[in-house]
Every structure is written in C-alpha cells, then in structure tokens.
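Colleague: Below you'll find the structure I mean.
The values are calculated or read from the model by the stated rules, or taken from the named source; none is laboratory data. Note that the structure is predicted; figures quoted are calculated from it, not measured. All Cβ positions, glycine included, derive from the backbone under ideal geometry; neighbour counts span all protein chains shown.
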Amino acid sequence: MNRSAPIDWGLRAYVGLTFAFVFAPIAASFVFSFNVDRFPSLPLGGFSLTWYQQVAADPLVWEGLRNTLIVGVTVAVLATALGFGAAYTDFRYKFFGKSLYLALALLPPTIPVVILGLAMLAFLSNIGLSGGVHSIVIAHVVMCAPFAMAIIRLRLSQMDPSLEAAAWNLGASQWVAMRHVILPFCRPAIFAALFITMAVSFDEFAVSWFVSGLNETLPVKVLGFLQGQVSPKINVIGTFVFLTSMTLVILAQVLLMKRSAGRASGQ
Amino acid sequence: MTHETVPSGTRRHFLKGATALAGGLLATPFLSRRAFAEPVELTMLAWYGHAEPDVVAAFEAENNVKFKPKYYTGGDNMLGLIAQSPPGTFDVILSDAEYVQQLNAAGYIEELDPADYRFDEYFPEFQQFPGHWQDGKLYSVLTRFGFLGVAYNTDAITEQEASTYNVYWSEKLTGKVGHFDWHLPNLGQISLLQGNPSPYDIDEDAWDALQEKMLTLRPQIGGFFDYGGTFSSLQNGQMLAMAGIGDWITGTLERNGAKVRSVIPEEGGLQWTESFSIGKGTAKADLAKKWIQYITSAQGQVKSANMVAYPALIPNKAGWELLAKETPEEAKRQGMLLDQPNNAVEMIRQGRIQYRQLPVQQSLEDWNDFWSDYKGS
Amino acid sequence: MTDINEPGLGAGPALPRREPLGQVRAGGARMRKTVSVYGLTFSLPMLVWQLVFFLAPLLFLIALSFWTVRNFRMEPDFNPDNWARMLGRSVFWEAYLRTLTLSTAAAIVTSALAFPASYAIAFKLSETARRWAIFLMVIPFFTSYLVRVYSWQIFLSDNGIINSALAEVGLGPFAMLNSTFGTMVGYLTLCLPLVILLQLFSLVFVDRNLVEAAHNLRCGRLRTVFEVVVPAARVGLTIAALFCFILTFGDFVSPLYLGGGDPPTLSILITDTTKSGQQWPRAAVVALVMIATLLVIAFAAVRFAYKERGR
C-alpha cells in the first residue's frame, strides 16, 4: 500500500481546517451572543445574559420554535417518503412521459424563493390553505422532496440491479424484495434524506414569510430581526438552534453506536 | 419482567401528567401574558418594532388586547402579501406615505372619518398631509415622521464637511460611501443637490441631468445595503457615510454608543412619514380605530417617539409637550422642544425639508430601472 | 471496511435495467399484466403532490409574467411587453452572465476545496472518526444560514477579526467584505457542508479493491486518485457540484450581506424589480429565465453523472 504518513497527516489537518472554516461563524455567533453591546464590535463590550433573557421572555420566539419543529419533522417524513418513491421509480421503470415526471420532481429547487413564495401564497390562498402551519408544510415538501429524491437516487445507483432480480427469482414478491433488499441498502440514504430535508425546512425563511402569514417560523423571525432590529438576539437564536441540533446529533450518534454494538454482541 | 405488572391505567395517568407538565413548561411564557380573560387579538402589518412591548404594552393592558404582528422588510413585499392574502387578514397596517397611495389605489384600506382623530392637536402642517388624503377623503392617519440627510461617521468627517451632499464625492471617502438600497430617497437627495425645488417633480431635462450626476457618484460607492447591512456597515466603520438615510438609523446607533450622526445639509433634507390605516374587510374596525386614536394621542406619541426599534419625530403638538416632560434629553436630541430655535417644525417651515414621494413626471419604473442600471454600472 | 453484504462497484458494469411500468416481466414472480399497484405506490405520491401543489403555482408564475400592473395592482392580461422589456435591458444580461459565472466558479471552487477533505474522511479516518466527522458536518445545516452569514461580517470587515489579527503581524488591511471575495465566502458557507457530504457519499462506497489493484500495478498516489477514485465516484461528485450551482444561483443572502449587493446578481435583480411598484410580472420573467437555465444545466449534469461508463 502506498501509505505516506506526512500526506496522511496533511490531509487530516486539512479536514480540521475545513471544520474550522465551517464552524468559525457559529463560534463567533456564540461569543457575541454574550456581548453587552447591541452591535458586534471588537473588542467585546462586556459579558451579559440580557439578550438570552429577552429572547426567552418573548412568546413569539417560542411559538416560532414550536412551529419550526412541527414543520421540520413533518416535512422530513413526507419529503423522504415522496423522494424515495420517485427515486425508485426513476431507478427501475421507464414509461411514457418519464422526462416530464422527472422534471416536475426536480424543478422546485430551481425556482427563486421570493417568487416561489408569492406564487405559492397566491395559489394556497385561493384554495383556502394559506396562513397556517399546514401551508408551510405543503410548500416545504414541494421544495424538499427533490433533495430527498436526489440523495436516494444517488444511493440506488450504487446498487447492483441484479440483486433485486435475484430476490424475485428466489421466490420473493416485489414487496418482500423491497423490504429486505432495497430498503436496507438505502437506509443510509434515507437517514441522510431525513436529516437534510429537515435541515432545509428548518432554515427556510423566504417562502415561509409569504405563506405562513401570521404563524411564523423561527427562520422568518431571524430574518425579521436581521432586517428590522439588528441585535445579539440573532446570535442567541443561532446559538440555541446550534446547541439543540448538536444535542440531537449526539443522541443519534449514541443510539446508533448502541445498536451496532448490540447487534455485534448479539451475533 | 416487572414492567408488565404496572396497571395500564396508572401508566396512562402518568403519561397524561407528564404531558401536562411538559406542556405547562413550554407554555410558561404564554401564561405570563394571558393571565385572565382571553384578550382580543389584533393583527398588525408593520415595520419591525411597532408591536413590541415598549410601544403597545400600555394599550394592551388597558383594552385587553393582544397584538399579533407581521413584520415586513420592504413595502413591496408588504403589498404583495396583502394582495394575495384573504381580505381582513390584517386589522391595522402601518406604511410609509408612498405606499398608502399604492394601498389605496389597489383598494386594500378602509376610508376613515377625520372627526375620530385628534388632528386639532397636530401642527397645522400635518393636518392635511398629502398622500394620506384622496379627493378630500381620509385613508390613513399620520403618526410619525423623520428627516433624511447625510449620515456620517463623526470620527471621519466633521459636521461642517457633512453639511453638503457634495461630501459624498470627497476623496477621503472613496469606497467608503454606501447607499441604502432604495432608489427613492437616494435619487431625491441628488435631486436636491441639483437644486430642484421640488425634488420629485422634475421634467425630462432635469431627470436626464440627475441621472448623469448620479452616475458620477458610482466609483465612490462601497456597497448597497438593506436595513441590517446599513446598521452593520456604519457601526463597524466599513462605511463612513451613507446616502438615503437619516436619524432613524443613526439615532438608534447613537443610542448604542456608535460614533455616527445625521445632519440636514444646506441643500435641504427629505421627509419620510409613517401612518396607520385600517385594513379593508377587517372584523375589528372599532378596536383598530381605538388603537390609532391611542397612538396619535399625547401618550401614544411619546411612546412612538421613543420607540426602541427606531426613533421618530411626532406630529402631535401635545405630544411634544409631554415628551419634553418625560424624556427631555431625547426631545432635545431629535429637535422636538417647542422653544428650540431650529426644531423639526421650524425646519419644515423654513423650507429646508421636502417630502419624499413617488415621482410625478416619470413613472416609478423609470426611476427604479435607472437605479438597477446604476447599481450594475 | 465496507460491509461484506454491500455490493461494491467492482461487481461488473452496471446494466441499465429499465422496464416499462406496465408490462409482464419474465421471471418466476407473480406479476399482474396490467399496471402494477406496486409500481404505482411508489411513483404516484410524488406525482400527485407536485401536480396539486406545485404545478398550479408554476403555471400561475408563467401566466403572471404576462400580466400588467395598473394602479399598483396586478391584473390578468396577456401582455408580452414584460418579456420584451426585461430581455431588452442590458442590466438583465449582465446580471445573468455574472450570476452564471459566479455560480460556476462557486461549484468548481467548492468541489475543489471539498474534495481533499471528503477524500480524507472517506479513506484516511477510522470508522468511528468518520461517523463523528459526518455528524459534525451535518450540524451546520441546522444552524441558520442567515446567522452564519451575519457572523462572517465580524470576521471580514476592515476592523474585523481577520484584519485585526493580520495587523498584529503588520499585514493588511485587506478589503474582503462587499466584494466578490465576500460573496464567495458566503457561497462556501452555504454549500461546503453539503458538497462534502455528497462527495463523501460516493467516495465511501468506492470499492477499495480497485484502489488496491491500482497500487499493486504501481500506480502513483495522485494518479490513482484522479484515474481510479474520481471516475468511480463520478455520480456523487457531479451531483454535489450541481447542488452547489443550483443553490448559489438563486441565493440572494450572500451577494447582499457579504458582497454588498455590488454588482447585483439575478436574485438581487428580482427583489429590485418588485420595487418598481408591484412589478411582480417582470420579476416573474427573470425567475422563469433562471428556472429554464437551471433545468437545462440540471438535466445535462444528471445525464453526465449517470451515463454508462463506455467500456
């Protein structure tokens, strides 16, 4: 094997650098959320928890968080389900109008969000489905399902197609083959799709501003703060969201490790 | 295993209790606000800050009302939102004077009865403010206003230097001048510099001259900023001067210790106004009216002038008197003391202030199209 | 180590096996002659959802581009003037070219910067370390993009963290904010985690046997990377670059907050157009041109990614 220690360490250091780049703004946001000054400045003004208190005391922020969570989870499940179906269809079948089907499935992310927001609001209000949490779910599933489809399709392209046929030839019905061959193979992609669609929904503010009306989500609130009242409250919300996701991710990691350990010992 | 022996009833009971506890914990911020009888909800469509506790808490407590705000970040998004929302979604609407005209032309606001409001307490200049009236009918009540001039970093340039729009072309500000990203106030300022007596009512020649002059400013410009960007750029010193804004931004920054100020230059300044209207089709017209009456009363006006999100001047004379008693420092800073030599109303009377409005002889599109061209040049 | 039950790409050329939705297949399983419920269960939901909730708004958008604005109110019309006017403006084409260039640059730069990292994570880290790396890379997704961009201003401004640190060593100050550099930093913030993850997705499943075979045949390290690993992971690399392109093409946050809106991209142009007094129809024209462009590029990229390896 061509192994070279310096190159290996160089690469690992590069990974570290990448993480530093990605997390630098998050770290800065965390630090400045404690800044007593309203506007970020160097050197720091002084330590203060006042912004945390203000955010915690604002019921509209809590409402926004609640809406964001409900929407995020619902969208993740729905979008991944739809995306899986579409990816599998693309993988296995051909039919008349397939290109159109794919275009329809992949089109939403290409539409600029401000325009999409207006168009969705126009449509949803005409059928009486605007202004609520359900409106955001509908719009977000439209926007996120293509991501799920792309990720799962990517995974399916790595599968040897004769596996499924082998299962059929051994007497399994299509449903059984799906359950025991396709789904397990796609499991990492399905998880990835769940996470990514939830993340996209979590952070989406433009379309949400239009269709949610008075029932806003957290990112819409952040946009409002950014464009209406610049203050460390923005950093507080950012930090809070970061800590929550960190916790969820660590939990997931622990759970997965336990399960694989259990499986290993169970064998 | 012992788990199975727990009777299901108890488990359900426990789950219910746990859920109730969790729900209670999550709802705590809500409970503190809704202690007694269910307050009536009033929806407000406005710029950020108009439904925050510092402005509305007293009114809410007295009338058992709870405001539900929808904050917008641009008048055009606001119009788009109203256009596509079911009528009656928004009870009160706050907008700039230019947008009142558009709201009215499109039929989104109710007609108002002037007798309901305290115009007699207003300074005479504000009693029949153009844009809020149409064919003698009232559609929107003026509640606050402000001036636009030269916003500058006090460490970089002196007030003397800043007292002319020509400072934007100054060599030491190359790349350090920013634009608030909206054509109307920026073009208006340059129009004033050109000496147009009515900056928004100019003929073809004046319009061509204005565009030419504007293009010469482009090399000086460091960036085009929205609200948040304007704040950060001025505050961290990235921009040393900002065109198209006034005290509504620098006042807030000043309050937080930043070294910035706005000054009305010798060529004159522009005036923006905000007003409240009642949304068409609202079910709570009476309560909406009550709110407008409150915010235009002396107490409400003081709250408006001192609004945390951004300060403003107020049109109610009784409000000036109350302000001088309650927060004399702020009254002096903004120029709202009745005995001040160059207070806000005096400036208007001296003709140093022109109202910001939609262009008269060109279409709004012409101005906006030029602004896009200017940005890309 | 990859799971022994997982097929690698070394299992032979991938044969396209697309069968028609409705025909009988030869092969012992019980099949219905008509369109199968099975097939429809998977294909229909997406179709129905998008038809109901997406097609209508999309058609509305197309129709909107022909409407007229009168008295600040949009009125249904069939007015091709919007198209003529918008497509006739040089500002539009300049912004179009600019956005195209920026997004292409972003896709290339992000892919290039991400590749060493994803390569390292896929090949040089242990299983546990890799899992942690992936999870850590997922976290930025859940932190607000707006907040992260806003925070970058503290770093990039003339008196910011980076310039202050450089001043200590006597360098700078460098103008990083309100420039194309700032916009690129913003684009990287938007796309880097996603691109790394998508690249990783393909790299992790590259058959290690291929790499080892190349080394056994005395192929140099770099050559192995470019001639064995990259082609094997082509799908993931292309899809990652495509996502980056699409996301940056429509983004207005980075050009506005870190680029200073100077010069304007198409996304900024859309927002600007609406300020002409409710000119959503003209904005819709810009949007439709953007959609068409992205569709063409997406189809081309997907085709390239999934094309059969000519062997």
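Colleague: Please count how many residues of the range B:203-218 are in contact (Cβ under 8 Å) with a residue 24 or more places away in the chain, surrounded by 11 or more Cβ atoms within 10 Å (Cβ to Cβ) and within 19 Å of B:VAL360 (Cβ to Cβ).
Modeller: 4
Colleague: Collect the residues in the range C:40-59 that are facing chain A (nearest Cβ under 8 Å) and either in contact with a strand residue (DSSP E or B) (Cβ under 6 Å, 6 or more places away or on another chain) or surrounded by fewer than 17 Cβ atoms within 10 Å (Cβ to Cβ) (or both), keeping them in residue-number order.
Modeller: C:THR41, C:LEU44, C:LEU51, C:LEU55 - these are the residues of the range C:40-59 that are facing chain A (nearest Cβ under 8 Å) and either in contact with a strand residue (DSSP E or B) (Cβ under 6 Å, 6 or more places away or on another chain) or surrounded by fewer than 17 Cβ atoms within 10 Å (Cβ to Cβ) (or both).
Colleague: Which residues, taken from the range A:122-156, are within 9 Å of another protein chain (Cβ to nearest Cβ), assigned to a helix (DSSP H, G or I) and more than 26 Å from C:PHE243 (Cα to Cα)?
Modeller: A:ALA122, A:PHE123, A:LEU124, A:SER125, A:ASN126
Colleague: Something else now. When you look at B:TRP367, is it in the same structural domain as B:PHE225 (by TED's automatic domain parsing), touching a helix residue (DSSP H, G or I) at 6+ places or on another chain (Cβ under 8 Å) and at pLDDT below 95, yes or no? Talk me through it step by step, then tell me what you get.
Modeller: Working: in the same structural domain as B:PHE225 (by TED's automatic domain parsing): yes; touching a helix residue (DSSP H, G or I) at 6+ places or on another chain (Cβ under 8 Å): yes; at pLDDT below 95: yes.
Judged against the criteria, B:TRP367 is a match.
Colleague: Any chance the range B:345-365 includes a residue that's within 14 Å of chain C (Cβ to nearest Cβ), assigned to a helix (DSSP H, G or I) and closer than 19 Å to B:TRP272 by Cα?
Modeller: Yes, because at least one residue in the range B:345-365 is within 14 Å of chain C (Cβ to nearest Cβ), assigned to a helix (DSSP H, G or I) and closer than 19 Å to B:TRP272 by Cα.
Colleague: Further, regarding this structure: Among the candidates C:LEU146, C:LEU136, C:LEU113, C:LEU125, which residue alone is at the interface with another protein chain (Cβ under 9 Å from one of its Cβ atoms) and outside any helix (DSSP H, G or I)?
Modeller: Details: C:LEU146 fails: outside any helix (DSSP H, G or I); C:LEU136 fails: outside any helix (DSSP H, G or I); C:LEU113 fails: outside any helix (DSSP H, G or I).
Just a single option satisfies the conditions, and that option is C:LEU125.
Colleague: Within the range B:166-190, which residues are under 9 Å from B:GLN220 (Cβ atoms) and buried (at least 18 other Cβ atoms within 10 Å of the Cβ)?
Modeller: Hits for the range B:166-190 are B:TYR168, B:SER170, B:LEU173, B:LYS176, B:VAL177.
Colleague: Say whether the condition of being assigned to a helix (DSSP H, G or I), at the interface with chain C (Cβ under 7 Å from one of its Cβ atoms), without any contact (Cβ under 8 Å) to a residue 12 or more places away in the chain and of a type in the set (Val, Ile, Thr) is met by at least one residue in the range A:85-105.
Modeller: No, that holds for no residue.
Colleague: Here's something else I'd like to know. For A:PRO112, all conditions in the list (1) crowded, with 19+ Cβ neighbours inside 10 Å; (2) farther than 28 Å from B:MET78 by Cβ hold save one; what is the number of the exception?
Modeller: Of (1) crowded, with 19+ Cβ neighbours inside 10 Å; (2) farther than 28 Å from B:MET78 by Cβ, only one is false for A:PRO112: (2).
Colleague: Of all residues in the range C:204-225, which are within 21 Å of A:SER157 (Cα to Cα) and away from every other protein chain (no Cβ under 11 Å)?
Modeller: Passing the criteria: C:ASN209, C:LEU210.
Colleague: Residue by residue through the range C:234-261, note down the ones that are within 14 Å of chain B (Cβ to nearest Cβ) and in a loop (DSSP other than H, G, I, E, B). Reasoning before the result, please.
Modeller: At the first step, the residues of the range C:234-261 found to be within 14 Å of chain B (Cβ to nearest Cβ) are C:252-261.
If the condition is that a residue be within 14 Å of chain B (Cβ to nearest Cβ) and in a loop (DSSP other than H, G, I, E, B), then C:PHE252, C:LEU258, C:GLY259, C:GLY260, C:GLY261 are the ones that fit.
Colleague: Taking C:ARG73, is it within 30 Å of C:VAL195 (Cα to Cα) and of a type in the set (Lys, Arg)?
Modeller: no
Colleague: Evaluate the range A:244-257: report whether one residue or more is part of a helix (DSSP H, G or I), more than 15 Å from the chain's Cα centre (by Cα), modelled with pLDDT of 80 or more and among the polar types (S, T, N, Q).
Modeller: Among the residues of the range A:244-257, not one is part of a helix (DSSP H, G or I), more than 15 Å from the chain's Cα centre (by Cα), modelled with pLDDT of 80 or more and among the polar types (S, T, N, Q), which makes the answer no.
Colleague: Looking only at the range B:219-263, which residues are part of a helix (DSSP H, G or I) and surrounded by fewer than 18 Cβ atoms within 10 Å (Cβ to Cβ)? Reasoning before the result, please.
Modeller: The initial filter retains those residues of the range B:219-263 that are part of a helix (DSSP H, G or I), namely B:219-220, B:227-235, B:247-255.
Once the filter is applied, which keeps residues that are part of a helix (DSSP H, G or I) and surrounded by fewer than 18 Cβ atoms within 10 Å (Cβ to Cβ), the range B:219-263 yields B:PRO219, B:GLU254, B:ARG255.
Colleague: While we're on this one: Can you go through B:ASP201, B:ASP205 and tell me which one is more than 26 Å from B:LYS259 (Cα to Cα), assigned to a loop (DSSP other than H, G, I, E, B) and charged (D, E, K, R)? First the steps, then the outcome.
Modeller: Values: B:ASP205 fails: assigned to a loop (DSSP other than H, G, I, E, B).
Exactly one of B:ASP201, B:ASP205 is more than 26 Å from B:LYS259 (Cα to Cα), assigned to a loop (DSSP other than H, G, I, E, B) and charged (D, E, K, R), namely B:ASP201.
Colleague: Give the range A:204-226 a look and list any residue that's farther than 20 Å from B:SER85 by Cβ and either surrounded by fewer than 23 Cβ atoms within 10 Å (Cβ to Cβ) or within 12 Å of chain B (Cβ to nearest Cβ) (or both), or say none.
Modeller: Hits for the range A:204-226 are A:VAL222, A:PHE225, A:LEU226.
Colleague: For the structure I just gave you, tell me whether B:GLN361 is surrounded by fewer than 18 Cβ atoms within 10 Å (Cβ to Cβ), within 30 Å of B:ILE221 (Cβ to Cβ) and at pLDDT 90 or above.
Modeller: Values: surrounded by fewer than 18 Cβ atoms within 10 Å (Cβ to Cβ): yes; within 30 Å of B:ILE221 (Cβ to Cβ): yes; at pLDDT 90 or above: yes.
For B:GLN361, the condition - surrounded by fewer than 18 Cβ atoms within 10 Å (Cβ to Cβ), within 30 Å of B:ILE221 (Cβ to Cβ) and at pLDDT 90 or above - is met.
For (1) in contact (Cβ under 8 Å) with a residue 12 or more places away in the chain; (2) within 24 Å of C:ARG303 (Cβ to Cβ); (3) out of contact with any Ser or Thr (no Cβ under 9 Å at 6 or more places or on another chain), each residue gets a yes or a no:
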site: C:LEU237; (1), (2), (3): yes, yes, no
site: C:ALA240; (1), (2), (3): yes, yes, no
site: C:PHE249; (1), (2), (3): yes, yes, no
site: C:PHE252; (1), (2), (3): yes, no, no
site: C:TYR257; (1), (2), (3): yes, no, no
site: C:GLY261; (1), (2), (3): no, no, yes
site: C:THR273; (1), (2), (3): yes, no, no
site: C:GLY277; (1), (2), (3): yes, no, no
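Colleague: Of the residues that sit in the range B:322-358 and are without any contact (Cβ under 8 Å) to a residue 24 or more places away in the chain, surrounded by 18 or more Cβ atoms within 10 Å (Cβ to Cβ) and not aliphatic (A, V, I, L, M), which one is farthest from B:TYR71 (Cα to Cα)?
Modeller: By that ranking, first place goes to B:ASN343.
Colleague: Specify which of the listed residues (B:ASP208, B:ASP181, B:ASP203) is within 23 Å of B:ALA97 (Cα to Cα) and more than 22 Å from the chain's Cα centre (by Cα).
Modeller: Values: B:ASP208 fails: within 23 Å of B:ALA97 (Cα to Cα); B:ASP181 fails: more than 22 Å from the chain's Cα centre (by Cα).
Just a single option satisfies the conditions, and that option is B:ASP203.
Colleague: Can you find even one residue in the range A:167-175 that is in contact (Cβ under 8 Å) with a residue 24 or more places away in the chain and either surrounded by fewer than 20 Cβ atoms within 10 Å (Cβ to Cβ) or not in a loop (DSSP other than H, G, I, E, B) (or both)?
Modeller: Just the residues of the range A:167-175 that are in contact (Cβ under 8 Å) with a residue 24 or more places away in the chain, to begin with: none.
The answer is no; no qualifying residue exists.
Colleague: Consider B:ALA106 against the criteria (1) farther than 20 Å from B:THR296 by Cβ; (2) exposed (fewer than 14 other Cβ atoms within 10 Å of the Cβ): it satisfies all of them except one. Which criterion is unmet?
Modeller: Unmet for B:ALA106, out of (1) farther than 20 Å from B:THR296 by Cβ; (2) exposed (fewer than 14 other Cβ atoms within 10 Å of the Cβ): (2).
Colleague: Tell me whether the range C:54-68 contains one or more residues that are outside any helix (DSSP H, G or I), of a type in the set (S, T, N, Q) and over 16 Å from C:ILE291 (Cα atoms). Break it down stepwise before answering.
Modeller: If we filter the range C:54-68 for residues that are outside any helix (DSSP H, G or I), which is where we start, we get C:65-68.
Next cut, of a type in the set (S, T, N, Q) only: C:65, C:68.
From what's left, over 16 Å from C:ILE291 (Cα atoms): C:68.
Taking every residue of the range C:54-68 in turn, at least one turns out to be outside any helix (DSSP H, G or I), of a type in the set (S, T, N, Q) and over 16 Å from C:ILE291 (Cα atoms).
Colleague: Here is a follow-up. Please verify whether the range B:108-115 includes one or more residues that are within 14 Å of chain C (Cβ to nearest Cβ), over 16 Å from B:PRO315 (Cα atoms) and in contact with a helix residue (DSSP H, G or I) (Cβ under 7 Å, 6 or more places away or on another chain).
Modeller: At the first step, the residues of the range B:108-115 found to be within 14 Å of chain C (Cβ to nearest Cβ) are B:108-109.
Still in the running and over 16 Å from B:PRO315 (Cα atoms): B:108-109.
If we keep only those that are in contact with a helix residue (DSSP H, G or I) (Cβ under 7 Å, 6 or more places away or on another chain) too, we end up with B:108-109.
There is at least one residue in the range B:108-115 that is within 14 Å of chain C (Cβ to nearest Cβ), over 16 Å from B:PRO315 (Cα atoms) and in contact with a helix residue (DSSP H, G or I) (Cβ under 7 Å, 6 or more places away or on another chain).
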